Amino acid sequence: MVGALKGGFVDRWIMAKGRTRTHAPLKLAVMRILGIESSCDETGVALVETTGSALPRLLSHALFSQIEMHQAYGGVVPELASRDHIRRVLPLTRQVLAEAGATLAEIDVVAYTRGPGLAGALLVGSGVACALAAALGKPVLGVHHLEGHLLSPFLSADPPEFPFIALLVSGGHTQLMRVDGVGRYDLLGETIDDAAGEAFDKSAKLMGLPYPGGPGLSRLAEQGNPAAYKLPRPLLHSGDLDFSFAGLKTAVLTQSQKIGPAAHTEGAPERADLAASTQAAIVEVLVKKSMTALKTTGTKRLVVAGGVGANRELRAQLNAACAKSQVRVHYPELHLCTDNGAMIAMAAAMRLQAGVQTAQAVYSFDVKPRWPLQELTPV
Ligand code: KG4
Ligand code: ZN
């Protein structure tokens with residue numbers, strides 16, 4: 001594995017710098033990778049360390065969430081997001097290095113989120129990563145945000161093994177994938193309209209909950225009756241692995257109009273019931289489709305990733321369904337479910353270890369606001 005690393009990015013790095021082979025830094029059997037995430041409304045920075053082919057280890061990570069700033073507008077304001085990433089990224093980097101007891105000179109590779117996400121926000125992370133790497137004379141690596149989510153469970157105390165089925169549920173994506181290894185992703189199904197996180201957020205807004213609505217809606221749902229209102233389970237019996245959540249939001253709107261002001265009044269039991277019924281509809285579809293994906297592919301391992309993966313009800317129901325079918329289920333640590341720098345550093349580290357990508361001393365960065373995961377190079 002170390003040989004693969006040396007034959008890959010080190011060689012190219014050396015070539016790019018015009019050095020000879022004898023200058024190959026031997027310490028690259030151990031590599032420290034700085035990861036920067038800035039695709040949306042969280043600035044995340046982290047440092048991971050790889051030793052040979054062992055799973056990379058998280059040395060430190062720091063996060064600043066812009067949620068409070070965007071709440072006043074009911075959603076993310078892209079320009080404000082970009083400006084705030086600029087304010088946060090360097091202090092967070094200093095914090096991460098201090099907490100790891102590392103210096104800038106000890107960074108071997110700088111990784112950043114290349115996409116998908118908000119163009120301006122992505123440009124902050126990629127610009128800083130490339131400037132930092134250029135100043136240090138180190139290579140850079142652009143990471144796919146969803147691959148970060150997908151591989152984040154490898155940072156948990158109970159890491160998965162390949163192959164597995166991945167349920168990727170975030171604010172912008174809902175996908176089921178068969179994952180055979182790093183960079184080997186086979187899309188089985190995805191949402192044809194809204195993402196699961198969007199369904200949570202839009203429904204929560206109708207109930208008068210602040211952005212992002214997912215966590216608030218799920219807390220409110222704990223006090224409600226999930227069978228109180230009959231809401232649709234879109235595409236539940238479609239026979240394929242696609243999702244559709246736009247109709248659910250409309251059904252929640254219709255139901256809340258029937259309920260009247262109580263649907264968005266704090267403390268009203270109807271509001272808690274509506275939250276519980278909405279969550280039940282989303283969770284039932286996600287669980288059913290995940291179990292179908294496992295069954296049809298004959299896979300006995302499930303990985304859940306992305307912000308909605310923090311949802312307690314989803315975890316409880318997936319745990320129960322998987323236990324019944326003798327499927328092992330893995331989640332990222334709760335604090336690494338939503339966007340963070342650790343998953344970006346981790347994905348970069350795993351790509352380098354697997355030899356599916358090289359980091360290069362080329363600093364003419366670009367970002368990919370739209371970037372299907374399947375476009376990542378297979379091994
Ligand atoms: O992965 P993420 O941080 O960002 C994207 O890449 O989109 O996911 C954010 C989404 C939001 O829609 C948020 O409401 C949802 O994850 N979310 C939750 C929970 N925590 C975050 N949805 C349901 N229950 C939660 N506990
Ligand atoms: Zn995300």
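The set of residues from segment 45-59 being open to solvent by 10 Å² or more (accessible area, probe 1.4 Å) and in a strand (DSSP E or B) comprises GLU49, THR51, ARG57, LEU58, LEU59. With respect to (1) of a type in the set (Gly, Ala, Ser); (2) closer than 30 Å to ALA349 by Cα; (3) surrounded by 20 or more Cβ atoms within 10 Å (Cβ to Cβ), the lone exception for SER256 is condition (2). Being farther than 13 Å from GLY172 by Cα, among the hydroxyl-bearing types (Ser, Thr, Tyr) and touching a Lys or Arg at 6+ places or on another chain (Cβ under 7 Å) is a property that does not hold for SER238. Here is a check on your reading of the model: is TYR211 outside the structural domain of LEU58 (by TED's automatic domain parsing), open to solvent by 10 Å² or more (accessible area, probe 1.4 Å) and in contact with a strand residue (DSSP E or B) (Cβ under 6 Å, 6 or more places away or on another chain)? In short, no.
Can you name every residue in segment 74-97 that is touching a residue at least 12 places away in the same chain (Cβ under 8 Å) and open to solvent by 60 Å² or more (accessible area, probe 1.4 Å)? Lay out the reasoning, then the answer.
Filtering segment 74-97 down to residues touching a residue at least 12 places away in the same chain (Cβ under 8 Å) leaves 74-76, 78-82, 84-86, 88-90, 92-93, 95-97.
Residues satisfying the conditions are PRO78, GLU79, ILE86, ARG88, LEU90, GLN95.
Residue-wise test of (1) among the basic types (Lys, Arg); (2) touching a residue at least 12 places away in the same chain (Cβ under 8 Å); (3) open to solvent by 10 Å² or more (accessible area, probe 1.4 Å); (4) more than 16 Å from ligand 1 (Cβ to nearest atom).
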residue: ALA280; (1), (2), (3), (4): no, yes, yes, no
residue: MET291; (1), (2), (3), (4): no, yes, yes, yes
residue: LEU302; (1), (2), (3), (4): no, yes, no, yes
residue: ASN319; (1), (2), (3), (4): no, no, yes, no
residue: GLN326; (1), (2), (3), (4): no, yes, yes, yes
residue: HIS330; (1), (2), (3), (4): no, yes, no, yes
residue: MET346; (1), (2), (3), (4): no, yes, no, no
residue: GLN357; (1), (2), (3), (4): no, yes, yes, yes
residue: VAL367; (1), (2), (3), (4): no, yes, yes, no
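Test LEU167 against the stated conditions and say whether it is within 16 Å of ligand 1 (Cβ to nearest atom), farther than 30 Å from THR250 by Cβ and at pLDDT 95 or above. In short, no.
With respect to the conditions (1) within 16 Å of ligand 1 (Cβ to nearest atom); (2) open to solvent by 10 Å² or more (accessible area, probe 1.4 Å); (3) farther than 16 Å from HIS330 by Cβ; (4) not hydroxyl-bearing (Ser, Thr, Tyr), ARG184 falls short on a single one, namely (1). Restricting attention to segment 346-379 and to residues that are within 16 Å of ALA166 (Cβ to Cβ) and assigned to a loop (DSSP other than H, G, I, E, B), the residue that is modelled with the lowest pLDDT turns out to be PRO378. Selection of segment 129-143 for residues being touching a residue at least 12 places away in the same chain (Cβ under 8 Å) and either assigned to a helix (DSSP H, G or I) or more than 16 Å from GLN353 (Cα to Cα) (or both) yields ALA129, CYS130, ALA131, LEU132, ALA133, ALA134, LEU136, GLY137, LYS138.
Is segment 320-330 home to any residue that is within 16 Å of ligand 2 (Cβ to nearest atom) and not in a helix (DSSP H, G or I)?
Of the residues in segment 320-330, the ones within 16 Å of ligand 2 (Cβ to nearest atom) are none.
No: zero hits.
The values are calculated or read from the model by the stated rules, or taken from the named source; none is laboratory data. These numbers were taken from a predicted model, which means no experiment stands behind them. Counting neighbours? That spans all protein chains shown, and the Cβs are built from the backbone with ideal geometry, glycine included. Ligands, DNA and RNA are excluded from the accessible area calculation, which covers all protein heavy atoms including side chains. Shrake-Rupley method; radii C 1.70, N 1.55, O 1.52, S 1.80 Å.
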